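The values are calculated or read from the model by the stated rules, or taken from the named source; none is laboratory data. A quick note: this is a predicted structure, and the numbers were derived from the prediction, not measured. FYI the Cβ positions are ideal-geometry reconstructions off the backbone, even for glycines, and counts take in every protein chain you see.
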Amino acid sequence: MKYLYSILLLCLVLACSKKQKTFDSLEFSFCSTFNEVYSMKITNNDTIYVYHHWMSMDFHSGKTPFKLYQMYAGVMCENDRKKLDKLIGSDGLNLFLPNYYENFEDGSFYAINLVKENTDKTIFVHARNVPAALDSLAGFLYDLKHRILLMPVNKTISFKTAGAVVPPPIKFDLIKQQ
């Protein structure tokens, strides 16, 4: 009987132990010159919110895969969460500089913001030469956004990194020749 109580007590202690959280929220805003501009926020309960500021149309159908100016939500699976926690690590984004910039006009641009307890760190990247760990984190977030199932939601979320992304390309109207 003592053995049974010991096992129950151990299970109770393990079930109630507080999990160390890697972050309170993580934002990723991305701009690709000819493809898409979006902002993504991941909460500490693995909910992912995505807002499309601009997206190019499919060449064949003339449609975009997502409705612009619409908030979408999805849930990150446990394996993705483990990989994200590993990529962020215990130092968070503290090992990186706040800006990585190279002077070129096209290409991609992204901003990452990590909030954890009393720290709030943002990194802006418009460069080809960035630390491999930061590049891996950005690549994972980009792939995650394109992999998860997103459903439209009626929610408004503000993004700290949204103002940092380059505006979408100018739309030119075709002039009909007479």
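Residues of the range 63-81 being touching a His at 6+ places or on another chain (Cβ under 6 Å) and outside any loop (DSSP other than H, G, I, E, B), which ones?
If the condition is that a residue be touching a His at 6+ places or on another chain (Cβ under 6 Å) and outside any loop (DSSP other than H, G, I, E, B), then no residue fits.
If I ask for residues that are among the polar types (S, T, N, Q) and closer than 22 Å to Ser32 by Cβ, which ones from the range 97-126 would you list?
Asn99, Asn103, Ser108, Asn113, Thr122
Let me spell it out: the conditions are (1) free of Cβ contacts under 8 Å to residues at least 12 places away in the same chain; (2) assigned to a loop (DSSP other than H, G, I, E, B), and Asp143 meets all of them except one. Which number is the exception?
So Asp143 meets the others, but not (2).
Scan Glu117, Glu105 and give me the residue that is under 14 Å from Cys31 (Cβ atoms), surrounded by fewer than 10 Cβ atoms within 10 Å (Cβ to Cβ), at pLDDT below 90 and not hydroxyl-bearing (Ser, Thr, Tyr).
The conditions single out Glu105.
Kindly list the number of the only condition in (1) modelled with pLDDT of 85 or more; (2) surrounded by 13 or more Cβ atoms within 10 Å (Cβ to Cβ); (3) more than 21 Å from Cys31 (Cα to Cα) that fails for Lys160.
(3)
Go through the range 82-135 and count every residue that is over 14 Å from Thr22 (Cα atoms) and assigned to a strand (DSSP E or B).
Within the range 82-135, residues that are over 14 Å from Thr22 (Cα atoms) and assigned to a strand (DSSP E or B) number 13.
Against the condition surrounded by 13 or more Cβ atoms within 10 Å (Cβ to Cβ) and either out of contact with any Cys (no Cβ under 7 Å at 6 or more places or on another chain) or among the basic types (Lys, Arg) (or both), how does Leu84 come out, does it pass?
Here the answer is yes, as Leu84 does meet what is asked.
From the list Thr33, Thr22, Thr47, pick out the single residue that is closer than 23 Å to Tyr110 by Cβ, over 17 Å from the mean Cα position of the chain (by Cα) and modelled with pLDDT of 60 or more.
Only one candidate qualifies: Thr33.
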